[in-house]
Amino acid sequence: MNKVERSLPCPLCGGVLVEKDVQKLLRGGLHTAVLQVKAEVCLQCGDRLYSEETVQRFKDIRAKLKNQQTEEFTPLGRSFQVG
Ligand SMILES: [Zn+2]
């Protein structure tokens, strides 16, 4: 039994975690990016756990948003501030 990651319970409530495709919203500077990633989602409290690789990807994308390096991203629409 080398693979222990599958059997880890939710760190918040001890519930069961299942791998799901989730949508993640990232903000950097004035920009927002939406991406589809895999996450371990708790069936009980809905908490999401991301792999280290995914967390690193979030950081990279946030940094790019902040630095206006958005050429490689597909524009989805504009964001508006209301009020
Ligand atoms: Zn939980």
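Every number in this text was worked out from the coordinates using simple rules, so none of it is lab data. All values derive from a computational prediction rather than experimental measurement. In this analysis, Cβ positions are derived from the backbone assuming ideal geometry, glycine residues included, and neighbour counts consider all displayed protein chains.
If you take the Cα atoms of the chain, find Rg, then find the Kirkwood Rh from the mean of 1/r over all pairs, what is Rg/Rh? Computed over Cα atoms, the ratio is 1.08. Charge dipole of the range 4-66 (Cα centre as origin; +1 on each Lys and Arg Cβ, -1 on each Asp and Glu Cβ, all else neutral): 380 debye, rounded to the nearest 20. Along the axis of the charge dipole computed for the chain (Cβ charges of +1 for Lys and Arg, -1 for Asp and Glu, origin at the Cα centre), the listed residues V37, L49, F73 are led at the positive end by F73. The angle between the Cα long axis of helix 52-66 and the longest principal axis of the Cα atoms of the chain comes to about 10 degrees, rounded to the nearest 10.
Considering lysine pairs in the chain that are 8 or more places apart or on different chains, how many have Cα atoms under 19 Å apart? Please report the intermediate quantities before stating the final value.
Details: K3/K20; K3/K38; K20/K38; K24/K38; K24/K59; K24/K64; K24/K66; K38/K59.
Qualifying lysine pairs in the chain: 8.
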